[in-house]
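K.L.:
Starting off with a structure, shown below.
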Amino acid sequence: MTLSDTLGLGFMTFAFFLGAGNLIFPPFAGMLAGENMSLAMAGFLITAVGMPLIGLIAVAKSQGKVMALLPTFAATALAIAIYIIIGPAFAAPRTGLVAYEIGVKPFLGDTNAVWQLGNLSLNVSQLLFTLVFFFITMMLSLFPGKLLDSVGKVLTPVLLTLLVALAASVMLLPAGEFAAPQGEYAKSPLIKGILEGYNTMDTLASIMFGMLIIDLLRKKGIDTPADQTRYLIRAAFIAASGLAFVYVSLFFLGASAGDLAAGAGNGGEILTRYVTREFGTPGSALLALVVSLACLTTAVGLVTACSEYFSELLPTVSYRRFVVLFSLICAVVANVGLTQLISISIPVLVSIYPVVIALVAVTFLTERFANAAFAHRLVLSVALVFGAIDGLKAAGADMSLFQFMPLHDEGMAWLLPTLVTMVICLFIGRRQVQLV
């Protein structure tokens, strides 16, 4: 591959990860972290940039077979969980909500009109928008073509240009002084930043994106494992650099937002208010258009990927039926609201993230384990059990029985048991010898 091919692959990988929804988390975290922004941002970058980068490298190292040593049912269950989380349960509905928060809501006068359906209250403007948004998503997913790819190729450079202009403005024209940190950002900003990085879901997505990139490299005639690994790693570093640049500038925006952030329920509101103040209505309109279209392309990509996977898993159900089903589910889930959807997703992500992080870690240690298959299964089992404990705690369950565990209060009780299990697995069992 030429240098331009490699750069193109890197920017494509960056575009995969930079779903427009990722723009809403750093400003809000920066606002809450305030004077502790540096530590919170460092933690966020670990799980929102570092782990996806390492995840891609792990996929390259294993040639796309990161789950090969797991039992078939376990590998399938984990893949299903990841696809559901980054698809109809959380990530795909979130695209519609971010498009509404940034692309529509700022231009509406009264967005508080409610439709009462029994005990359920639905925001009328949000309901109408999400129904239209996911209908378009469904139609584009049912009849995919080159139009979506062309739109994506135009949108990514425009969005990146806007973000560069925004970053320069934030650094040169901060809206206010850093405020005092709030909540957990005052006590454990680094740990809170790490957990906040879970919300991007990029570590989960890195497993799937890595496999997709390897397939693309094969189609380009790059069949040698060493070459595939080399180009995927280069693309991963380009993508990670771009993500880090975006997240750092948005963290600084949130931390220095001052009065602009007053009363904001999510990062989308902070971002919109800042752009309106600095660039006026034309800037807000351009941001709204680009983010909305970027959300749409992301939604189509997620619905398409999930429908393709499940139609292969269940051949009796067609791809198109899954598209319709997932689009309907997304439209329904989206109407819980952006802030509520993020809150609901946190316990799930706190439970599943340790398993995926453990999977990435054991992939790098496969050759060093005395019994690789046993080690993979045991380490991931431990991560799942203790991740579930953290998830239940995040959901509000009384988990005081496990309060003696290190990092339990911070929501990372899984870390030490998983690390200890990995170390033990380096020494127990017999080294398997393959017969040639």
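K.L.:
Distance from the Cα centre of segment 186-218 to that of segment 306-331, in angstrom?
P.N.:
24 Å
K.L.:
What share of Cα pairs, in percent, lie more than 13 angstrom apart in segment 228-288?
P.N.:
Details: 1243 of 1830 pairs.
Cα-Cα pairs in segment 228-288 separated by more than 13 Å: 68 percent.
K.L.:
Compute the distance in nm between two label points, each set 7 Å from the Cα along the Cα-to-Cβ direction, one at Leu286 and one at Glu177.
P.N.:
Between Leu286 and Glu177, the simple spin-label model gives 3.3 nm.
K.L.:
How large, in percent, is the carbon and sulfur part of the accessible surface of segment 296-436 at a probe radius of 1.4 Å?
P.N.:
Values: 4880 of 7220 Å².
Roughly 68 percent, rounded to a whole number.
K.L.:
With every protein chain kept in place and ligands, DNA and RNA left out, what is the accessible area per residue of segment 29-111? Probe 1.4 Å, answer in Å².
P.N.:
Working: 2680 Å² over 83 residues.
Per residue, segment 29-111 has an accessible area of 32 Å².
K.L.:
For segment 368-425, what does the alpha-carbon gyration tensor say about shape, rounded, prolate or oblate, given a ≥ b ≥ c as the root eigenvalues, a/c under 1.5 as rounded, and a/b over b/c as prolate? Before the final figure, lay out the partial values.
P.N.:
On the way: a/c = 3.68, a/b = 2.32, b/c = 1.59.
Because a/c hits 1.5 or more and a/b exceeds b/c, segment 368-425 counts as prolate.
K.L.:
Which percent of the accessible heavy-atom area of segment 1-112 goes to carbon and sulfur, probe 1.4 angstrom?
P.N.:
Working: 2570 of 3750 Å².
Here carbon and sulfur together make up 69 percent of the probe-accessible area.
K.L.:
Could you check how much of the accessible area of segment 164-220 is carbon and sulfur, as a whole percent, using a 1.4 Å probe? If you can, show how the numbers build up before the last one.
P.N.:
Numbers: 1590 of 2540 Å².
The computed percentage sits at 62.
K.L.:
Taking only protein heavy atoms into account and a 1.4 Å probe, give the accessible area per residue of segment 176-259 in Å². Walk me through the intermediate numbers first.
P.N.:
Numbers: 3350 Å² over 84 residues.
It amounts to 40 Å² per residue over segment 176-259.
K.L.:
Roughly how compact is segment 232-375, stated as its Cα Rg over 2.2 N^0.38 Å to two decimals? Walk me through the numbers on the way to the answer.
P.N.:
Details: Rg = 20.4 Å, N = 144, 2.2 N^0.38 = 14.5 Å.
For segment 232-375, the normalised Cα radius of gyration comes out at 1.40.
K.L.:
Along the Cα-to-C-beta direction of Glu35, a point sits 7 Å from the Cα; which residues of segment 157-196 have their amide N less than 19 Å from that point?
P.N.:
Counting backbone N atoms under 19 Å from the label point, the list is 175-193.
K.L.:
While we're here: To the nearest whole percent, what portion of all C-alpha pairs in the chain is separated by more than 35 angstrom? Mind dumping the intermediate values first?
P.N.:
Numbers: 27111 of 94830 pairs.
Above the 35 Å cut-off, the chain has 29 percent of its Cα pairs.
K.L.:
What is the spin-label model distance, in nm, from Phe237 to Leu7 if the labels are put 7 Å beyond Cα along the C-beta direction?
P.N.:
1.6 nm
K.L.:
Give a residue-ordered list of calculated ³J(HN,Hα) values for segment 208-215 (Karplus: 6.51 cos²θ - 1.76 cosθ + 1.60, θ = phi - 60°; whole Hz; x for Gly, Pro).
P.N.:
6, 5, x, 5, 5, 5, 4, 4
K.L.:
Continuing with the same structure: Quick one: what does P(r) look like for segment 1-100 with 5 Å bins over all Cα pairs, in whole %?
P.N.:
In order of increasing distance, the bins hold 2, 10, 12, 18, 20, 17, 12, 7, 2, 0 percent.
K.L.:
Count the net charge of all other residues whose Cβ sits under 12 Å from the Cβ of Ile54, scoring Lys and Arg as +1 and Asp and Glu as -1. List each step's numbers first, then the result.
P.N.:
Values: positive: Lys61; negative: Asp202.
Residues near Ile54 contribute 0 overall.
The values are calculated or read from the model by the stated rules, or taken from the named source; none is laboratory data. Model, not experiment: these values are computed from the prediction. Here Cβ is always computed from backbone atoms with ideal geometry, including for glycine, and neighbour counts include all displayed protein chains. Heavy atoms of the whole protein, side chains included, go into the accessibility calculation; ligands, DNA and RNA do not. Shrake-Rupley method; radii C 1.70, N 1.55, O 1.52, S 1.80 Å.
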